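Everything on this sheet refers to the single structure shown next.
The values are calculated or read from the model by the stated rules, or taken from the named source; none is laboratory data. Keep in mind it's a predicted model, so treat the numbers as computed, not measured. So basically every Cβ, Gly included, is an ideal-geometry build from the backbone, and we count neighbours across all protein chains shown. The protein model used for the area step is the full one, side chains on, heavy atoms only, and it has no ligands, DNA or RNA in it. Shrake-Rupley method; radii C 1.70, N 1.55, O 1.52, S 1.80 Å.
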Amino acid sequence: MKFTKRVSFLVPALALALSACGAPSAEVDKSGDFYLALPRVEVVLDDKGVPSIAGLSADAVRTLTFGTVDLSLFAVPADYVAWLKSTNTQHIELAFNGSGAFIYVNGKALPHIEFDNTSIANTGEVALTITDIFAPGFQGYASLAKRFLPLARSLGLGLVIRLPKQDGVAEIPLRELGAPKKAVEPRPDTSSVQARIVVDYDANGVPSVADISVAEIEQLFGLDLLVLKLDPNFVRAMTNKGIQHLSIRSEGNGLALAVNDKPLPNLVCDADCLTNTANVISTLNTYEALQINGATIGMKEINQIVKQFGPELRNVDIELALRFPLAPGSQRIPLPFASMVN
C-alpha cells in the first residue's frame with residue numbers, strides 16, 4: 001500500500017514534466033554545487049476554478065493517484081474566475097530566476113523584486129535580527145531563511161495560470177521566453193517631485209524632522225499626533241538589535257531598500273511597468289462606487305486618476321529614513337544613499 005501511494009505521487013509530477021516540456025524558463029547561477037532550472041509549467045482553470053495539468057483534469061488525477069491527490073482542493077473560487085474572465089485576464093505568470101521574482105498579467109510585466117548575492121545575504125541576516133521583534137516564536141524560520149535564501153540565485157521556476165477566455169476574444173500570447181532584457185533606465189537627473197525626509201525617533205518613540213519634534217507641534221497647535229509615535233518598547237528593541245535606521249529611496253526604475261548600510265532586494269518597475277500596472281489596476285477595479293465613512297467615492301474617477309498619474313511615479317524622487325537612538329558605545333552608521341544627509 002505504501003508503494004502504491006508513493007507511485008501515485010509520481011503521476012502529478014509526471015504531468016508537470018509533460019506540461020513543462022521545452023527549454024528552461026530562466027537563466028540561473030550555475031557556478032556553485034547546486035542549481036535547478038525548470039521549463040515553464042502551465043495550469044489551466046475551468047469556469048468553476050478547478051485546475052488541470054497537462055490536460056489531466058482533477059478527476060483524472062484523483063483516479064490515477066487512487067484518491068491521494070485531489071486538485072480540486074486547490075480550486076480558485078468561481079466568483080474570482082468569473083471576475084477575471086470579465087476583465088479579459090487570460091493568464092497570470094509567476095517567474096523566478098537567479099536575479100529576481102516576476103509577475104506578468106497577459107504577458108505584461110508588473111513590479112518585480114530584484115536581488116543579487118549581497119542583498120540576498122543581507123535579507124537572511126536582517127530576518128534573523130528582527131524576527132523576534134516582528135514575529136516572536138518564528139526565529140527558527142529566520143534561521144532557515146538565512147541558510148537557504150542564497151540558493152535563490154540558483155533556481156529558475158515559472159508557473160502560468162490560464163483562465164477561461166471570453167467567447168470571440170482574441171487569444172493573448174504568453175511572453176516570449178529568452179527575449180533580451182531591457183537595459184536598466186538611468187535615474188532621472190531631474191524629477192517633478194523631490195523630497196528627503198529623515199525621521200529621528202527618541203527613546204520614547206517621539207519623532208522629529210529637521211529638529212522639530214512632534215511633541216512641539218502638538219503643543220503649538222493643540223493636536224493629537226499619537227498615530228505618528230512608536231511604542232517605546234519597539235524603539236528599545238530596535239536599538240538593542242543595533243538597527244540604527246530603515247531607509248527607502250524611490251528611483252526612476254523602482255524602490256531601493258536598506259537596513260543600516262545593508263541593501264535589500266529592490267522593488268523594480270520601469271516606465272513600461274508603471275503603465276502596465278496602472279492599466280491592470282484600472283481594468284481589475286470593476287466596482288462602480290465605494291463607501292468610506294458614509295461618503296460615496298466613484299471608482300471610475302479613481303481609475304482615471306490611476307491611469308493618468310500612475311506612470312508619472314517615475315518622476316517622483318523621494319528619500320525616507322527612520323532613524324533610531326544609538327546603543328551605548330555604538331558609532332553612527334551613515335545612511336546608505338549617498339545623496340542623503342548623514
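Data overview
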read-out: FRET efficiency, 1/(1 + (r/R0)^6) with R0 25 Å, evaluated for Ala327 and Leu144 via beta carbons; value: 0.35
read-out: Relative counts (whole %) of C-alpha pair distances in the stretch 128-268, using bins that are 10 Å wide; value: 8, 21, 26, 23, 14, 7, 1
read-out: D_trans [Stokes-Einstein, Kirkwood Rh over alpha-carbon pairs] for the stretch 33-109, 25 °C, 0.890 mPa s, µm² s⁻¹; value: 170
read-out: Solvent-free Debye scattering, log10 I(q)/I(0), computed from the Cα coordinates of the stretch 37-164 at q = 0.16 Å⁻¹; value: -0.96
read-out: Accessible area per residue, Å², the stretch 83-234 with all protein chains present, probe 1.4 Å; value: 61
read-out: Calculated from backbone phi, Karplus (6.51, -1.76, 1.60) coupling profile of the stretch 200-205 in Hz, x at Gly/Pro; value: 9, 9, 8, 5, 8, x
read-out: Alpha-carbon spread of the stretch 215-272, three principal axes, descending order, Å; value: 45, 31, 13
read-out: Rounded to whole Hz, the Karplus (6.51, -1.76, 1.60) HN-Hα couplings of the stretch 85-94, x for glycine and proline; value: 4, 5, 9, 6, 7, 8, 7, 10, 10, 10
